[in-house]
1. What's the total number of residues in the stretch 1-45 that are at pLDDT 90 or above, loosely packed, with under 10 Cβ neighbours inside 10 Å and closer than 19 Å to Lys56 by Cβ?
2. Any idea how many residues of the stretch 68-94 are open to solvent by 90 Å² or more (accessible area, probe 1.4 Å) and within 22 Å of the chain's Cα centre (by Cα)?
3. Could you please give the count of residues in the stretch 95-117 that are within 16 Å of the chain's Cα centre (by Cα), at pLDDT 95 or above and loosely packed, with under 12 Cβ neighbours inside 10 Å?
4. Within the stretch 46-67, which residues are open to solvent by less than 80 Å² (accessible area, probe 1.4 Å), of a type outside the set (S, T, N, Q) and farther than 19 Å from Gly24 by Cα?
Amino acid sequence: MNLIYEKCGDYLIPNLIPDPEPKGDLRKFGFMRKSYLENHRRGIYSGLLLSGGLKKHLLMIQGQAEERFDLLVEQMAEKEGVTEKLKAQDQMLWVQRMNGIRARAEEIVREEIIFCL
């Protein structure tokens with residue numbers, strides 16, 4: 001091993017440089033997964049954090065969750081007849097139904113992807 005040390009007072013401290021984190025921002029599902037691991041799967045969270053793979057894992061789960069969520073919302077809206085025509089006729093009814101669809105889709109995503117190992 002070829003380590004570089006910095007002198008700090010009387011001590012030599014190794015200059016450890018971690019691997020760069022993957023690009024991308026965490027959003028709703030990524031933060032939900034992080035919170036779940038922190039509070040309920042502490043060993044997995046610590047292992048990912050120490051190995052430097054936590055953000056990569058969170059971004060992967062976030063991507064899967066967002067894709068699944070979008071697909072579920074689209075399918076549920078189509079099946080229940082929530083279309084642009086309904087939006088033009090009665091906006092409040094459209095918003096009400098879409099909010100219900102989005103809530104159900106989010107619950108499915110949480111159970112299938114976020115809270116799953």
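1. 3
2. The number of residues fulfilling the criteria is 3.
3. Residues that pass the stated criteria total 2.
4. Let us first name the residues in the stretch 46-67 that are open to solvent by less than 80 Å² (accessible area, probe 1.4 Å), namely 46-48, 52-55, 57-59, 61-63, 65-66.
Filter once more, keeping what is of a type outside the set (S, T, N, Q): 47-48, 52-55, 57-59, 61, 63, 65-66.
Gly47 - this is the single residue of the stretch 46-67 that is open to solvent by less than 80 Å² (accessible area, probe 1.4 Å), of a type outside the set (S, T, N, Q) and farther than 19 Å from Gly24 by Cα.
The values are calculated or read from the model by the stated rules, or taken from the named source; none is laboratory data. Nothing here was measured: the structure is a model prediction, and the numbers come from that model. Counting neighbours? That spans all protein chains shown, and the Cβs are built from the backbone with ideal geometry, glycine included. Ligands, DNA and RNA are stripped out before the accessible areas are found, and what is left, the full protein with its side chains, is counted by its heavy atoms. Shrake-Rupley method; radii C 1.70, N 1.55, O 1.52, S 1.80 Å.
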